[in-house]
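Only one structure is covered here, and it is reproduced in the block below.
Just so you know, all these numbers are worked out from the coordinates, no wet-lab data involved. Keep in mind that this is a model prediction, so the values were computed, not measured. Glycine also receives a Cβ, built like all others from the backbone with ideal geometry; neighbour counts cover every protein chain displayed.
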Amino acid sequence: MADAQTESNHKAGVLEGGGDESIVPQTQGLWVRYQGCWLRPLAVQSVKIVQEQFEARPDDILLVTYPKCGTTWLKALVFTITNRFRHAITGDDHPLLTHHPQDLVPFLEMPYRQLHPLSDLEKLPSPRLLSTHLPVTLLPPCVVTLGCRVVYLCRSPKDVLVSLWHFIYKVNKNYSIDKALELFSKGESSYGPIWEHNLGFWKESISNSDRVLFLKYDEMMAQLVKHVKMLAEFLRVPFTEEEVRCGVVEEIVHLCSFDKLKSMPVNSSGVSDRIGGEPMENSSFFRTAKVGDWANYLTEEMAKKLDGIVEEKLSGSDLTF
Ligand code: A3P
């Protein structure tokens, strides 16, 4: 997180920048509303640059997540699957052994593009693996018109809330779980509301199933081999019978497993600044990875409140958690 002064200065800059009616300064918290989505003030500037300047390529693959839904895991899996002919999975020099998964697939909107220009992405060879937390409504239009493929990973909102709370609490000890629930239930959280984020890609995955693969964290955890095969099919690099027979799928599952990644020195130590001016511990992306961990932090009443809101917001769709 940025220190409070930097944050409030930039917030003032954005809100007073004036003229942009899509920014609604209606929060006492960390976020402002931009085109219907809650974003941190610095992120708004970055998203605008991405929307206006990012040049998609038809063969780009976009990994999309709401924060804390398993971005790090998805990056590790997709990188490993798509690069398995270049980087042997059991090789001593596999990039995952020396790079944090977050750094193997760059984000569109991070580091903040007003500080780090998009030209870094332009230099990447095709097909590019890219990631974003943007909801479908904020994606640069070229991503949609060019038909780029999207892998979307979502997760039970209660587990997302608890994971997010831990992540923020690490750097802001005043952020109570009650406050986190209060804001999250109003949709106020980076890239929120979460239900709109989920629903947007859910609908896209139904109308464009060859272009958008919709995955759930809990289902992936329960059936890893099946999902790794599904990912490879969707990414047009299906496993051969020989690979399946030799256990390549299981090797990928193992290399990208929570325990394996968490134990690697590159992920368990040190800090990195992936946003711009906000160093975070590399280990903060690996906590427990337990499905249903919310039960250790939310009372029955808190859980009921969030469940009720999410159910109501998703009603009319077949999407459930
Ligand atoms: P918890 O806080 O519940 O443990 P993101 O990568 O989007 O920031 O999401 C972080 C969440 O994914 C954390 O959840 C983290 O522990 C979990 N995670 C990280 N690596 C994982 C992996 N290899 N497999 C499953 N979950 C993983």
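Points worth noting:
- Candidate aspartates and glutamates - alpha carbon under 16 Å from K262, same-chain residues fewer than 8 apart omitted: D103, E281
- Projected label distance in nm at I177 and D59, using a 7 Å step from Cα toward the beta-carbon: 4.8 nm
- Extension gain, V225 to K262: 0.36 nm times the residue separation minus the Cα-Cα distance gives 11.3 nm.
- Helix 224-234 axis versus longest C-alpha principal axis of the chain: approximately 90°, rounded to the nearest ten.
- For K226, the aspartates and glutamates whose Cα falls under 16 Å of its own Cα, not counting residues fewer than eight places away in the same chain, are D218, E241, E243, E250, E251.
- Among 293-302, 274-283, the order from most to least packed when residues are scored by Cβ within 10 Å on average: 274-283, 293-302
- Additional length obtainable on full extension of the chain from K304 to D273, 0.36 nm per residue less Cα span: 7.5 nm
- Over the range 247-290, relative contact order from alpha-carbon pairs under 8 Å, at least 6 apart, %: 28 percent
- When the Cα atoms of the chain are aligned to their principal axes, the ranges along those axes come out at 59, 47, 43 Å in descending order.
- Partner lysines for K158 [C-alpha distance under 19 Å; skip if fewer than 8 residues away on the same chain]: K68, K170, K179, K186, K216, K290, K304, K305, K313
- Over the chain, dividing the summed -39,500 (n - 2.57) contributions of all DSSP H runs of at least 4 residues by the number of residues returns a 222 nm mean residue ellipticity of -12500 deg cm²/dmol.
- Qualifying trypsin sites (Lys or Arg not before Pro) in the range 58-133, DSSP loop, other Cβ atoms within 10 Å at most 13: R86, K123
- Sequence-ordered 3J(HN,Hα) estimates for the range 138-152 from the Karplus curve with 6.51, -1.76 and 1.60 and θ = phi - 60° stand at 9, 5, x, x, 5, 4, 6, 5, 7, x, 4, 7, 10, 9, 10 Hz, glycine and proline given as x.
- Distances between placed amide hydrogens fall under 5 Å for M280 paired with S272, D273, R274, all partners being 5 or more residues away or on another chain.
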